[in-house]
Amino acid sequence: MRIAWGITGSGDKMTEVVELMERLKEKYSLDIIPYASRQGEVVLKYYKLLRRVKEIFPGYKVERNANSPFLAAKLQMGEFDCFIIAPATANTVAKIAHGIADTLISNAAAQAMKAEVPVYIFPVDQKVGEVITTLPNGKKMKIRVREEDVRNVETLRKMRGITVLSTLDEIEEVIKGGK
């Protein structure tokens, strides 16, 4: 199974996502190509995960603009079995939910949906209220998830071609189902 994996700039769940990618690659012999948004790469650096991702996933790419690298075309031409976006920031979720395709990740999602390539999204902001996240230094921080962000997740849930994942564990279920 060949997977395009979009990484956006959320610190929340970033470490868990990278660990999951590593585990899934090993367990299922997957070909995972990570595509980081510009801010996704900033956060990977901030959490000291960028070198690790580049070493384990030699195909790693970072956004230069909405069409570069040309992920949308690769998705449309069937080079990938699916497009996973995890972690997905509230900004990326809002763009996809409202049809804005002006970044590598949001454009690739839009084009994948047009070509009927399955898109799986794990938004970090799914429930209104306070959540505790872990900072790069290991300290905990409380953040508040806004109603607007949750409404955008609900919009995604209704979109054809998108599956919103409530937990990271659901990504493995997607992989097992596709093997």
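The values are calculated or read from the model by the stated rules, or taken from the named source; none is laboratory data. On a predicted model such as this, the values are computed, not experimentally measured, just so you know. Cβ placement follows ideal geometry from the backbone for every residue including glycine, while neighbour counts extend to all protein chains displayed.
Which residues, taken from the stretch 31-66, are touching a residue at least 60 places away in the same chain (Cβ under 8 Å), part of a loop (DSSP other than H, G, I, E, B) and buried (at least 19 other Cβ atoms within 10 Å of the Cβ)?
The answer is Ser37, and nothing else.
Just need a number here: residues in the stretch 70-98 that are surrounded by 17 or more Cβ atoms within 10 Å (Cβ to Cβ), without any contact (Cβ under 8 Å) to a residue 60 or more places away in the chain and either in contact with a strand residue (DSSP E or B) (Cβ under 7 Å, 6 or more places away or on another chain) or of a type outside the set (A, V, I, L, M) (or both).
The total comes to 2.
Going by what's in this entry, would Asp125 be described as closer than 22 Å to Met14 by Cβ, in a loop (DSSP other than H, G, I, E, B), touching a helix residue (DSSP H, G or I) at 6+ places or on another chain (Cβ under 6 Å) and modelled with pLDDT of 95 or more? Explain how you work it out, then say what you get.
Numbers: closer than 22 Å to Met14 by Cβ: yes; in a loop (DSSP other than H, G, I, E, B): yes; touching a helix residue (DSSP H, G or I) at 6+ places or on another chain (Cβ under 6 Å): yes; modelled with pLDDT of 95 or more: yes.
Yes.
Out of Thr155, Thr163, report the one residue that is touching a helix residue (DSSP H, G or I) at 6+ places or on another chain (Cβ under 6 Å), surrounded by 15 or more Cβ atoms within 10 Å (Cβ to Cβ) and among the β-branched types (Val, Ile, Thr).
Working: Thr163 fails: touching a helix residue (DSSP H, G or I) at 6+ places or on another chain (Cβ under 6 Å).
Criteria check complete, one pass: Thr155.
Considering the stretch 82-121 alone, what residues qualify as being aliphatic (A, V, I, L, M), in a loop (DSSP other than H, G, I, E, B) and more than 19 Å from Val150 (Cα to Cα)? Explain how you work it out, then say what you get.
Narrowing the stretch 82-121 to residues aliphatic (A, V, I, L, M): 84-86, 88, 90, 93-94, 96-97, 100-101, 104-105, 108-110, 112-113, 115, 117, 119, 121.
Going one step further and asking which of them are in a loop (DSSP other than H, G, I, E, B), we end up with 100-101, 115, 117.
Correct list: Ala101, Ala115, Val117.
Within the stretch 26-52, how many residues are farther than 21 Å from Asn91 by Cβ and within 15 Å of the chain's Cα centre (by Cα)?
Summing the residues that are farther than 21 Å from Asn91 by Cβ and within 15 Å of the chain's Cα centre (by Cα) in the stretch 26-52 gives 2.
Just need a number here: residues in the stretch 53-83 that are under 20 Å from Ser10 (Cβ atoms), under 15 Å from the mean Cα position of the chain (by Cα) and among the aliphatic types (A, V, I, L, M).
Adding up the residues that qualify gives 3.
I'm trying to understand the selection: among the residues of the stretch 84-122, which are closer than 18 Å to Val174 by Cβ and within 9 Å of the chain's Cα centre (by Cα)?
Ile84, Ile85, Ala86, Pro87, Ala88, Ile105, Tyr120, Ile121, Phe122, listed by residue number.
Arg160 - would you say it is under 24 Å from Val119 (Cα atoms), in a loop (DSSP other than H, G, I, E, B) and charged (D, E, K, R)? Quick ask: steps written out before the conclusion?
Working: under 24 Å from Val119 (Cα atoms): yes; in a loop (DSSP other than H, G, I, E, B): yes; charged (D, E, K, R): yes.
Answer is yes for this residue.
Got a number for residues in the stretch 131-152 being surrounded by fewer than 14 Cβ atoms within 10 Å (Cβ to Cβ) and in a loop (DSSP other than H, G, I, E, B)?
Qualifying residue count for the region: 5.
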